[in-house]
Amino acid sequence: MAITVIRNADLVVAWDASTKSHTYLSDADVAFEGGALTFVGRGYTGPAEEEISGRGLMVMPGLVNIHSHPSSEPMNKGLIDEIGSPGLYNSSLYEFMPIFRADAEAVPSCVRVALSELLLSGVTTVADLSMAHPGWMDLLAESGMRVCIAPMFKSAKWFTKNGHVVEYEWDEAAGEKAMAEALSLIERAEQHESGRLFGMVVPAQIDTCTDTLLKESFQEAGKRGLSWQIHAAQSVVEFHEITRRHGKTPIGWLDSMGLLSERSIIGHGIFLDDHPSTKWWTDTDMKRLAETGTTVAHCPTVFARRGITLKHFGRYKRAGVNMGLGTDTYPHNMLDEMRLVAYLARTQANDPRSMTTTELFDAATVGGAQALGRDDIGRLVAGARADFVLVDVTHPRMRPSRDPVRSLVYAAGDRAVKDVFVDGIKVVADGQVLTMDYAAAAEHLNEAQKRIIDRAPAQDWAHRPVEVSSPPTFRWS
């Protein structure tokens, strides 16, 4: 196989195995062959069939996104930016998101838009938490990304008839069947010819799954050596529902069933027993997460839109909780998400020292990799996969570049992302996605949204026109 070397890069964000940390390495080389890194350091003297000049570039590990919904979220742009149910603690989960779901024709465009945006922001690995849809695996493989396929399944669906009470329609047999189908999909994904797909077991939400489904799915994940993720502690409504049913907090109930572990991921994990909005009589949730090695998938944007936030990233880290990041909603821009993580954490803590950019970058790389059970992604070291990003450090928004990662996260964002490689194959070149037609997918999605808007009032319990349920910024004349 051909060996490629990036020669004399201005900077490499390399992995130091001795300290188990990223480190800045100036004037360095990165060599790769057959999808794997073979050298990360200075003065590469081995063979090279192809050379890439690293002048003016920072080479950094591809970002790892452990919680995303590509098949649905792009449809919501311009619709749910400012709406939440006042009677349901401002969540949009129960009343509004169900009425704007993408139809089957729109789903491929949703996926292409989301994955294109992720690639452009330096993501090389993403966990796709979606309901199964036709052509799913081939569509993911088309992107060129490394994808953790995470087909969701559940025992019930939620709905509201009035905007202030959430009800559940249960079908336990359907949940069991959906889990079996999800496990079959994961098996097929791991055999996919691309070699870049792997799986995760995902019972959808803590309040829509029976205890039997949760335990069985966790056991299956363990048998197969897979990570297990669930949406939990994501809304005040859910917190109250679980405490009403079981007399325990969502985190406490999961722990009582033995479902917190080093392979467990809690999607969101906001409303713990000591959160100001859900203050409970116990004060043990954070300790449970830390002691069991459970990961929290932190996705601040979707909640910040509704005035909701984790309390707070630095506090979780100080407690010893492994943190990973995701883009639960649009825009699927990991660098934007990282910036918001930092700003919300510091404002919630009233302390600019509550977290560091080191911790933030770790969460977006090795923290996510750990959650997915991978030690070959999220870091640049010989033997790891050749998943990396070339950042233009000469970009005006990167200047001055005393600390390039800070400049990237807090100033330049995806504008400075030049090229992206997955398994040593270039999937983004000069800021353009090579594997998918991003512009065409976005245009198709624009037309599809008009269709969804026309149907939305019929899905709404109050049958409101969209102009009423989601008022525009300005009146259309």
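The values are calculated or read from the model by the stated rules, or taken from the named source; none is laboratory data. None of the values given here were measured: they were computed from a predicted structure. We place every Cβ from the backbone using ideal geometry, glycine too, and count neighbours over all the protein chains shown. We work out accessible area using only protein heavy atoms, side chains counted, and drop any ligands, DNA or RNA first. Shrake-Rupley method; radii C 1.70, N 1.55, O 1.52, S 1.80 Å.
Can you tell me which residues in the stretch 1-44 are open to solvent by 10 Å² or more (accessible area, probe 1.4 Å) and assigned to a loop (DSSP other than H, G, I, E, B)? Met1, Ala2, Ala17, Ser18, Thr19, Lys20, Gly34, Arg42, Gly43, Tyr44 - these are the residues of the stretch 1-44 that are open to solvent by 10 Å² or more (accessible area, probe 1.4 Å) and assigned to a loop (DSSP other than H, G, I, E, B). Arg379 - would you say it is touching a residue at least 40 places away in the same chain (Cβ under 8 Å), within 27 Å of Arg315 (Cβ to Cβ) and among the basic types (Lys, Arg)? For Arg379, the condition - touching a residue at least 40 places away in the same chain (Cβ under 8 Å), within 27 Å of Arg315 (Cβ to Cβ) and among the basic types (Lys, Arg) - is met.
Any residue at all in the stretch 368-382 that's over 28 Å from Val201 (Cβ atoms), of a type in the set (S, T, N, Q) and open to solvent by 10 Å² or more (accessible area, probe 1.4 Å)?
no
Let's see how each residue does on (1) modelled with pLDDT under 95; (2) closer than 30 Å to Val12 by Cβ; (3) of a type in the set (S, T, N, Q):
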{"site": "His298", "(1), (2), (3)": "no, yes, no"}
{"site": "Lys311", "(1), (2), (3)": "no, no, no"}
{"site": "Asn322", "(1), (2), (3)": "no, yes, yes"}
{"site": "Asp328", "(1), (2), (3)": "no, no, no"}
{"site": "Met355", "(1), (2), (3)": "no, yes, no"}
{"site": "Thr365", "(1), (2), (3)": "no, yes, yes"}
{"site": "Ala369", "(1), (2), (3)": "no, yes, no"}
{"site": "Arg379", "(1), (2), (3)": "no, yes, no"}
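Taking the stretch 102-205 and the helices (runs of 4 or more DSSP H) fully enclosed by it, the elements with 2 or more residues that are open to solvent by less than 20 Å² (accessible area, probe 1.4 Å) and not aliphatic (A, V, I, L, M) are at 107-120. For first residues located in the stretch 422-451 and without any contact (Cβ under 8 Å) to a residue 12 or more places away in the chain, partners that are part of a loop (DSSP other than H, G, I, E, B) and lie 6+ apart or on another chain with Cβ distances below 8 Å form the pairs Lys426/Leu434.
Could you please let me know if Ala204 is in contact with a His (Cβ under 8 Å, 6 or more places away or on another chain) and either under 25 Å from Pro250 (Cα atoms) or not acidic (Asp, Glu) (or both)? Yes; evaluated as a whole, the condition is true for this residue. Can you name every residue in the stretch 460-477 that is surrounded by fewer than 13 Cβ atoms within 10 Å (Cβ to Cβ) and in a helix (DSSP H, G or I)? Within the stretch 460-477, Glu467, Val468 meet the criteria.
Being of a type outside the set (D, E, K, R), more than 22 Å from Pro404 (Cβ to Cβ) and open to solvent by 10 Å² or more (accessible area, probe 1.4 Å) is the filter here; which residues of the stretch 331-353 pass it?
Pro331, Leu344, Thr347, Gln348, Ala349, Asn350
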